[in-house]
Amino acid sequence: MDEDIEKGVDGEEQPAGKFPLKWIIIGVVVLVLAGGGYVGWTMLNPQPDQTGAEGGKPSDAEAVKEVEVGAMFEMDPFVVNLDEAGGKRYLKSKIEIEFVGEDVRKELTNRLPQLRDTILLHLSSKTLDEIRSVDGKIELKDALIKRINQVLKQGKIRNLYFTQFVIQ
């Protein structure tokens with residue numbers, strides 16, 4: 001009689017307690033994965049802020065204003081010997097300067113000899129090891145922006161771009 005109780009309707013034996021535990025574990029895993037997916041989706045794709053200009057995050061128009069590129073001032077290429085023993089290495093670089101306002105363009109044009117001198121002196125003081133890496137180029141860029149802004153009296157430049165950078 002005990003054998004009849006352990007057999008199922010189809011006559012197959014079912015282990016007592018294992019069948020429901022397996023489905024409970026699968027259900028919990030599915031719920032955890034679904035919950036993690038939902039949390040990940042909401043964090044990676046935040047809903048747009050409805051406040052706009054009333055406060056909080058800036059509106060789309062304000063965000064575009066921050067990204068806009070200013071006017072560009074193109075400089076002639078620079079060719080300098082790097083600060084290496086024997087002077088065998090040189091750098092050829094072309095720079096464009098980003099600024100805002102026509103008064104800054106006039107000042108850049110009027111102070112062009114001072115700007116070129118400042119840039120040439122700074123570039124020629126660098127070694128190959130200092131400017132070979134990306135970090136070195138970023139440091140060079142930041143230093144040039146600072147030096148150029150020291151020369152300018154009426155305005156400031158926003159950014160500086162290397163449009164050519166060849167070391168030989």
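The values are calculated or read from the model by the stated rules, or taken from the named source; none is laboratory data. Keep in mind it's a predicted model, so treat the numbers as computed, not measured. Neighbour counts run over all protein chains shown; Cβ positions are idealised from the backbone, glycine included.
Numbers for the structure displayed
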read-out: Residue that is farthest from Gln168 (Cα to Cα), among those in segment 83-136 that are of a type in the set (Ser, Thr, Tyr) and out of contact with any Phe, Trp or Tyr (no Cβ under 7 Å at 6 or more places or on another chain); value: Thr109
read-out: Pairs, first in a helix (DSSP H, G or I) in segment 125-141, second surrounded by 15 or more Cβ atoms within 10 Å (Cβ to Cβ) and among the acidic types (Asp, Glu), C-beta under 8 Å, six or more apart; value: Gly136/Glu130; Glu139/Glu130; Leu140/Glu130
read-out: Verdict on Leu160 being out of contact with any Cys (no Cβ under 7 Å at 6 or more places or on another chain), surrounded by 13 or more Cβ atoms within 10 Å (Cβ to Cβ) and of a type outside the set (Val, Ile, Thr); value: yes
read-out: Qualifying residue in segment 113-132 (condition: of a type in the set (Gly, Ala, Ser), under 24 Å from the mean Cα position of the chain (by Cα) and loosely packed, with under 15 Cβ neighbours inside 10 Å); value: no
read-out: Failed criterion for Ser93 (all others in (1) over 20 Å from Gly70 (Cα atoms); (2) polar (S, T, N, Q); (3) surrounded by fewer than 12 Cβ atoms within 10 Å (Cβ to Cβ) hold); value: (3)
read-out: Filter pass, Lys126 being assigned by TED's automatic domain parsing to the domain that holds Val80, modelled with pLDDT under 95 and over 12 Å from Arg147 (Cβ atoms); value: yes
read-out: Selection status of Leu44, more than 20 Å from Ile157 (Cα to Cα), surrounded by 15 or more Cβ atoms within 10 Å (Cβ to Cβ) and either among the polar types (S, T, N, Q) or at pLDDT below 95 (or both); value: no
